[in-house]
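Visitor: Have a look at this one.
The values are calculated or read from the model by the stated rules, or taken from the named source; none is laboratory data. Bear in mind the structure is a predicted one, so any value in this text is a computation, not a measurement. Glycine gets a Cβ as well: all are built from the backbone with ideal geometry, and neighbour counts include every protein chain shown. The area values use the complete protein model at the heavy-atom level, side chains included, leaving out ligands, DNA and RNA. Shrake-Rupley method; radii C 1.70, N 1.55, O 1.52, S 1.80 Å.
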Amino acid sequence: MKNPSTSKLDTVRLQNMSRAFIGSASLFSAMDLELFTCISEGDNTAGKFADRAGITEVNADRLMTMCAASGLIRWNTDHFDNEEDVQRFLVKGEKSYAGAWLSFTRPAWASWGKLTEKLSNSEPATVMGDYKTMTVEAARRYHEATASVGFGSGRRFAKQVDLSPFTKIMDLGGGSGAYSIVAAQLHPGLKAVVFDLPPVVEITREFIAHHQVQDQVSTQGGDFTRDEFPIDCDLAIMASNLPQYNSKIISQVIGKAFNALLPGGQMHLIGEMLDDDRTGPLDAAIWGLYETMSNSTGMTHTRSDCVRYFQEAGFTGIEVHEFVPGILVRVCGKKQ
Ligand SMILES: C[S@@+](CC[C@H](N)C(=O)[O-])C[C@H]1O[C@@H](n2cnc3c(N)ncnc32)[C@H](O)[C@@H]1O
């Protein structure tokens, strides 16, 4: 987030930042009380919402006023309407509902109140961070959340990248398998292997079965920091696990993917990358800082760091593309 260049300085920006947690709390409460679903269904005044939510009208009014001031809902003569993104992603029952993903970081709420202590932790950091205790149940909750946005990212990837020349994908840290499942649905001749931690691939198999792509998409349980990669692949995808590891590990993983790919193959790394002037985007900084919570060795990587990892691995024709502007960048390279 860049500093405003105003001639007269005041404390407004800093005040807003110091209270930003109240915005998060309001969003979570609005989701808990299904405010946006109520508005969508016509319970769109403080009185109607209070009755539906079982809270006082005063509290309904307070929450709705905060949500309106935060730009989540807007007053329209005699009632509130949802803003467009809220209507699309926060109304329960909609196919595009992304509540699980938007609540993904909520369990860490109390830990963020102890950030200073966490930053002062002198215990040695671990490579696997939170992943070392991953269970099947935790993976189910985790990927219910990632899938609520991951399939959209999978469709975006298939639009940005011509998948027709490829025969087999290795989807490193593929999670729900969203990228592979979408690719398989669009290209019936294409095969994919979702490589992820053993408890996670149990859940991946549920997604694969649900989407009925078992003939094309398989799984391989393993740790990409240590284990061998799938063979006979001409496309490697690694999406949304970049800040969880440090430069050494990411370089090694990209090097291993290069070695495992068939000649003529390509790799696409999609992640929250920092601009080279290190001024943002905020999301890249957030996910780097997030690693403090689990005391992992993870860190934020810049776009040029990622290009360098590709060069060092031996990739050529390296390109950097916006993937989800402000959130995700895609770096890709070719193996001759
Ligand atoms: C945020 S999810 C992204 C999932 C998927 N690529 C997507 O974009 O929807 C990160 C995934 O990387 C996996 N992962 C992290 N570290 C891993 C490792 N060392 N080996 C294998 N998978 C790993 C996690 O288990 C998780 O499924």
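Visitor: Looking for whichever is open to solvent by 40 Å² or more (accessible area, probe 1.4 Å) and part of a helix (DSSP H, G or I) here; the options are Ile286, Ile250. Which one fits?
Guide: Ile286
Visitor: Identify the single condition in (1) more than 8 Å from the ligand (Cβ to nearest atom); (2) buried (at least 16 other Cβ atoms within 10 Å of the Cβ) that Thr133 does not satisfy, given that it satisfies every other one.
Guide: Tallying (1) more than 8 Å from the ligand (Cβ to nearest atom); (2) buried (at least 16 other Cβ atoms within 10 Å of the Cβ), Thr133 fails exactly one: (2).
Visitor: So which of His301, His268 is touching a Pro at 6+ places or on another chain (Cβ under 8 Å), in the same structural domain as Gly129 (by TED's automatic domain parsing) and crowded, with 17+ Cβ neighbours inside 10 Å? Give the steps one after another, and end with the answer.
Guide: Numbers: His268 fails: touching a Pro at 6+ places or on another chain (Cβ under 8 Å).
Checking each option against the conditions leaves just His301.
Visitor: Does at least one position in region 144-153 carry a residue that is at pLDDT 95 or above and in a loop (DSSP other than H, G, I, E, B)?
Guide: no
Visitor: What pairs come out if I take residues in region 120-139 that are at positive phi and pair them with residues that are surrounded by 15 or more Cβ atoms within 10 Å (Cβ to Cβ) whose C-beta lies under 8 Å away, six or more apart or interchain?
Guide: Final answer for the pair search is Gly129/Gln244; Gly129/Glu291; Gly129/Ser294; Gly129/Asn295; Gly129/Ser296; Gly129/Thr297; Gly129/Gly298.
Visitor: Taking the criterion of being closer than 29 Å to Gly113 by Cβ and open to solvent by 80 Å² or more (accessible area, probe 1.4 Å), would at least one residue in region 84-91 satisfy it?
Guide: Of all residues in region 84-91, those closer than 29 Å to Gly113 by Cβ come to 85-86, 89-90.
Checking which are open to solvent by 80 Å² or more (accessible area, probe 1.4 Å) leaves us with 85, 89.
Looking through region 84-91, at least one residue is closer than 29 Å to Gly113 by Cβ and open to solvent by 80 Å² or more (accessible area, probe 1.4 Å).
Visitor: Given the criteria within 30 Å of Pro199 (Cα to Cα), hydrophobic (A, V, I, L, M, F, W, C) and either at pLDDT below 95 or out of contact with any Pro (no Cβ under 9 Å at 6 or more places or on another chain) (or both), does Phe49 qualify?
Guide: Numbers: within 30 Å of Pro199 (Cα to Cα): no; hydrophobic (A, V, I, L, M, F, W, C): yes; either at pLDDT below 95 or out of contact with any Pro (no Cβ under 9 Å at 6 or more places or on another chain) (or both): yes.
So Phe49 does not fit the description; no.
Visitor: A further question follows. Of (1) open to solvent by 40 Å² or more (accessible area, probe 1.4 Å); (2) in contact (Cβ under 8 Å) with a residue 60 or more places away in the chain, Glu291 satisfies all except one. Which?
Guide: With respect to (1) open to solvent by 40 Å² or more (accessible area, probe 1.4 Å); (2) in contact (Cβ under 8 Å) with a residue 60 or more places away in the chain, Glu291 is out only on (1).
Visitor: Okay, moving on. Can you go through Gly280, Gly264, Gly298 and tell me which one is in a loop (DSSP other than H, G, I, E, B) and under 16 Å from Thr126 (Cβ atoms)?
Guide: Details: Gly280 fails: under 16 Å from Thr126 (Cβ atoms); Gly264 fails: under 16 Å from Thr126 (Cβ atoms).
Answer to the check: Gly298.
Visitor: For Ala209, are the conditions met, namely being among the small types (Gly, Ala, Ser), open to solvent by less than 20 Å² (accessible area, probe 1.4 Å) and not in a loop (DSSP other than H, G, I, E, B)?
Guide: Working: among the small types (Gly, Ala, Ser): yes; open to solvent by less than 20 Å² (accessible area, probe 1.4 Å): no; not in a loop (DSSP other than H, G, I, E, B): yes.
In short, no.
Visitor: Would you check if there is a residue in region 186-197 being within 8 Å of the ligand (Cβ to nearest atom), assigned by TED's automatic domain parsing to the domain that holds Thr297 and over 30 Å from Gln336 (Cβ atoms)?
Guide: Within region 186-197, the first condition is being within 8 Å of the ligand (Cβ to nearest atom), and the residues that meet it are 195-197.
Now restrict to residues that are assigned by TED's automatic domain parsing to the domain that holds Thr297: 195-197.
Those left that are additionally over 30 Å from Gln336 (Cβ atoms): 197.
Yes, the conditions are met somewhere in region 186-197.
Visitor: Which one is nearest to the ligand (Cβ to nearest atom) among residues in region 172-181 that are buried (at least 24 other Cβ atoms within 10 Å of the Cβ) and farther than 11 Å from Ile208 by Cβ?
Guide: The initial filter retains those residues of region 172-181 that are buried (at least 24 other Cβ atoms within 10 Å of the Cβ), namely 172, 174-181.
From the residues that got through so far, the ones that are farther than 11 Å from Ile208 by Cβ too are 172, 175, 179.
Working: Leu172: 7, Gly175: 3, Tyr179: 6 Å.
Ranking the qualifying residues of region 172-181, first place goes to Gly175.
Visitor: While we're looking at this one, here's another question. Looking only at region 215-224, decide whether some residue is among the aromatic types (Phe, Trp, Tyr), over 16 Å from the mean Cα position of the chain (by Cα) and buried (at least 21 other Cβ atoms within 10 Å of the Cβ). Show your work before the answer.
Guide: To start, the set of residues in region 215-224 that are among the aromatic types (Phe, Trp, Tyr) comprises 224.
With over 16 Å from the mean Cα position of the chain (by Cα) added as a condition, the list becomes 224.
Those still in the list that are buried (at least 21 other Cβ atoms within 10 Å of the Cβ) too: 224.
Yes; the residues of region 215-224 include at least one that is among the aromatic types (Phe, Trp, Tyr), over 16 Å from the mean Cα position of the chain (by Cα) and buried (at least 21 other Cβ atoms within 10 Å of the Cβ).
Visitor: Let me ask something else about it. Being near the ligand (Cβ under 9 Å from one of its atoms) and assigned to a loop (DSSP other than H, G, I, E, B) is the filter here; which residues of region 212-234 pass it? Step through it out loud before you land on a result.
Guide: Just the residues of region 212-234 that are near the ligand (Cβ under 9 Å from one of its atoms), to begin with: 221-227.
Listed by number, the residues that qualify are Gly222, Asp223, Phe224, Thr225, Arg226, Asp227.
Visitor: Can you report the number of residues in region 240-287 which are in contact with a Cys (Cβ under 9 Å, 6 or more places away or on another chain), of a type outside the set (S, T, N, Q) and more than 15 Å from the ligand (Cβ to nearest atom)?
Guide: 3
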